[in-house]
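Input: a single structure, listed below in structure tokens.
The values are calculated or read from the model by the stated rules, or taken from the named source; none is laboratory data. Being a predicted model, the structure only gives us computed values, none of them experimental. We place every Cβ from the backbone using ideal geometry, glycine too, and count neighbours over all the protein chains shown.
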Amino acid sequence: MQPASLAHPTLPFIGRGGFRVLLLRTLRDKPMHGYEVMKALEERFQGFYRPSAGVVYPALRALQREGLAAVSGTERRKTYRLTAKGQALLRRQRGEMEKRFRSFEAAVGKERAALLRELHETGRVLAPNLRILTPAQALEIRQAVVEMRRRFLTILGETEGGRRP
């Protein structure tokens, strides 16, 4: 059973157990102190989510109890790292996501699924760069998004107001 500290109510887009995977993914690249984990998550969500110590540290301890993360260092300066078991869980999780996507693809069709994958990948390109965009770049990207939305509406046979021509 998942400890309550690993289910985060302010992140409705993360399903049950998703915060645990999010922490594991954060530790995937390098071992980190709890504070570093909090800052990495804040950066990942572009400041829209700032995890508290009251959420992150109990979740890290739960990962340690499950053998998914290991800890080293002193009480005041613990460093958490992914274990082989944690790495295996991430690999399985990735495989499960691919399996779900293939199932989704079978249900909606290859072209629709490919469209959603492209939209997702576009978001993955944009999200980590939001904080470093210059105002000119933000304006240009916004204009491209507005144009893209207009093209979508044209393709769908609708107008900006949502009415069909």
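Do the conditions hold for residue 88, that is, is it in contact with a Ser or Thr (Cβ under 7 Å, 6 or more places away or on another chain), within 22 Å of residue 37 (Cα to Cα) and surrounded by 11 or more Cβ atoms within 10 Å (Cβ to Cβ)?
no
Contact annotation: residue pairs with Cβ atoms under 9 Å, 6 or more positions apart or on different chains, pairing a residue in region 16-43 that is in a loop (DSSP other than H, G, I, E, B) with a partner that is surrounded by 15 or more Cβ atoms within 10 Å (Cβ to Cβ) and small (Gly, Ala, Ser), are 16/7; 17/7; 29/40; 31/70.
In region 96-125, the residue that is surrounded by the fewest Cβ atoms within 10 Å (Cβ to Cβ) out of those that are closer than 30 Å to residue 142 by Cβ and of a type in the set (Lys, Arg) is 124. Each residue in region 64-77 was checked for being surrounded by 11 or more Cβ atoms within 10 Å (Cβ to Cβ), modelled with pLDDT of 90 or more and closer than 16 Å to residue 36 by Cα, and 3 of them qualify. Among residues of region 80-92 that are part of a helix (DSSP H, G or I), those with a beta-carbon under 6 Å from a residue that is small (Gly, Ala, Ser) and surrounded by 14 or more Cβ atoms within 10 Å (Cβ to Cβ) at least six positions away or on a different chain give the pairs 86/69. Out of region 81-120, which residues are more than 17 Å from the chain's Cα centre (by Cα), over 21 Å from residue 28 (Cα atoms) and of a type in the set (A, V, I, L, M)? Scanning region 81-120 gives 106, 107, 108, 113, 114, 115.
Taking the conditions (1) in contact with a strand residue (DSSP E or B) (Cβ under 9 Å, 6 or more places away or on another chain); (2) of a type in the set (A, V, I, L, M); (3) free of Cβ contacts under 8 Å to residues at least 12 places away in the same chain in turn, residue 114 satisfies each one other than (1).
When the residues of region 68-80 are filtered to those that are among the hydroxyl-bearing types (Ser, Thr, Tyr) and under 24 Å from the mean Cα position of the chain (by Cα), which remaining residue is nearest to residue 20 (Cα to Cα)?
My answer is 80.
Looking across region 44-60, just one residue is without any contact (Cβ under 8 Å) to a residue 12 or more places away in the chain and over 19 Å from the mean Cα position of the chain (by Cα), and that is 54. When region 44-61 is filtered for residues that are hydroxyl-bearing (Ser, Thr, Tyr) and in a loop (DSSP other than H, G, I, E, B), the ones remaining, listed by number, are 49, 52.
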